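A short worksheet on the structure shown next.
Nothing in this text is a laboratory measurement; each read-out follows from the coordinates by a stated rule. What you are looking at is a predicted structure, and each value in this text was computed from that prediction instead of being measured. When we count neighbours, we look across all protein chains shown, and the Cβ atoms used for this are built from the backbone with ideal geometry, even at glycine.
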Amino acid sequence: MTDDFYRIRRLPPYVFAEVNAIRAAARARGEDVIDLGMGNPDGAPPPHVIDKLAEVARNPRAHRYSASKGIVGLRRAQADYYRRRFNVELDPDSEVIVTLGSKEGLANLAQAITAPGDVVLAPDPSYPIHQFGFIIAGASIRSIPAAPGPEFFEVLERAVRFTVPKPKVLVIGYPSNPTAYVADLPFYEKVVGFAREHGLWVISDLAYAEIYYGDTPTPSILQVPDARDVAVEFTSLSKTYSMAGWRVGFAVGNRELIGALTRVKSYLDYGAFTPVQAAATAALNGPQDIVEANRKLYKARRDCMVESFGRAGWPIEPPAASMFAWTPIPEQFRAMGSLEFTKRLLSEAGVALSPGVGFGEAGEGYVRIALVENEQRIRQAARGIKRFLEQA
């Protein structure tokens, strides 16, 4: 019967479901599975954030409906973050909205601005919501490269010249999930110039802004003069403050896009639980030690993975940012594809990874490795992988 539903017909089978089912079955049998698949942080937010949640939750009035666009204090805190971090001034009333995680915000913005048949330019491979948020809304996707190199703009030029109807939206995200590619400010300047010239809206996903490993902090597209004429940017507290389950994100930037998202959300939700929003405000306004601590944590795990997997016989290129590594599957397994490889690795080595094909056709032949286990477990995974490769 679900085949009769228009939007369901547009969604392919969920690739990750097969791996998840094998993992669940193995754990049900009592087997130890090292899960490096889902990007699910294993830490906790700092004590002052949890204390604020508990404090506000004790107020009987805090359990009423909240504000769909986010409480004023939280929107101001996000505007202050952009001022501190990027030297970007935002109006918290018209250029900032709180979302239930960036994923919900991206999907609802797609619903707000997309008509059936619109063409959207989205990277392949990419985080699934970058494409499927618009597919669910009725759009057609034209794929563009995920890497921010010369080919990126060559493909954009062809897309606006030859696509009918003309593309309406460009989606980008750096540091990227799954590939961990990073972009610099000159890249964003070219994107903004291109979008202004060709009448494109730009949606930038900056969820991993604070997880970078070099000396140069990750930039924001809104640092580009006139970017707010065409762009909106999504961020999240999930990885930065270890608050993934709290579901607190933001969209900031262009007033027209923020207004459209605000209007759609007003019909769909009453916002996050008020104590959660108060605690998120405390996270942004309070001590920022956890930001640097998490950056060091993921870097140590990255270095451990690169070293131990390399000794196991699987060289991994160190990612420059994000909490993921994106790597080709070992050569002897490439003919079977990324999904079958990850299923075999899980069954025979007890290590769960994400198959690259789940992030788009261009992800075939790759896997994504999430840095969500401690160093001891990463080394344990490497030992299992070494036995698996030797037996193969």
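Multiplying the sequence separation of residue 389 and residue 9 by 0.36 nm and subtracting their Cα-Cα distance, what value in nm do you get?
Gain on stretching residue 389 to residue 9: 132.9 nm.
If you stretched the chain out fully between residue 151 and residue 164, how much longer would it get, using 0.36 nm times the residue separation minus the C-alpha to C-alpha distance?
Roughly 2.6 nm would be gained on extension.
Could you give the length gained by full extension between residue 59 and residue 25, i.e. 0.36 nm per residue of separation minus their alpha carbon distance, to one decimal place?
8.0 nm
One quarter of the convex hull surface, Cα atoms only: what value does that give for the range 316-392 in nm²?
Its Cα hull, projected and averaged over all orientations, spans 5.1 nm².
Count the lysine pairs in the range 64-285 whose Cα atoms lie under 30 Å apart, taking only pairs 8 or more positions apart in sequence or on different chains.
Lysine pair count for the range 64-285: 15.
Working from the alpha-carbon coordinates of the range 64-285, get Rg over Rh, Rh being the Kirkwood radius.
Radius of gyration relative to Kirkwood radius: 0.94.
Tell me which residues come under 5 Å, amide H to amide H, from residue 35 once H is placed; ignore anything under 5 positions away on its chain.
Answer set, sorted by chain and number: 352.
Given a cut-off of under 8 Å on Cα pairs at least six residues apart, what relative contact order in percent is computed for the chain?
25 percent
Using the basic label-point model (7 angstrom from Cα toward the beta carbon), what is the residue 223 to residue 268 distance in nanometres?
3.0 nm
What whole-number volume per residue, in cubic angstrom, does the convex hull of the C-alpha atoms of the range 143-263 give?
For the range 143-263, the hull spanned by Cα atoms encloses 120 Å³ per residue.
What is the diffusion coefficient of the chain in µm²/s, taking the Kirkwood radius over Cα pairs and the Stokes-Einstein relation at 10 °C with a viscosity of 1.306 mPa s?
Estimated via Stokes-Einstein, D reaches 73 µm²/s.
Efficiency by 1/(1 + (r/R0)^6): what FRET value for residue 375 and residue 115, r their Cβ-Cβ distance, R0 = 45 Å, to the nearest 0.05?
Efficiency computed from Cβ-Cβ geometry: 0.35.
Helix-only mean residue ellipticity at 222 nm, the chain, DSSP H runs n ≥ 4 weighted -39,500 (n - 2.57), per residue, nearest 500. What is it?
Rounded to the nearest 500, the figure is -14000 deg cm²/dmol.
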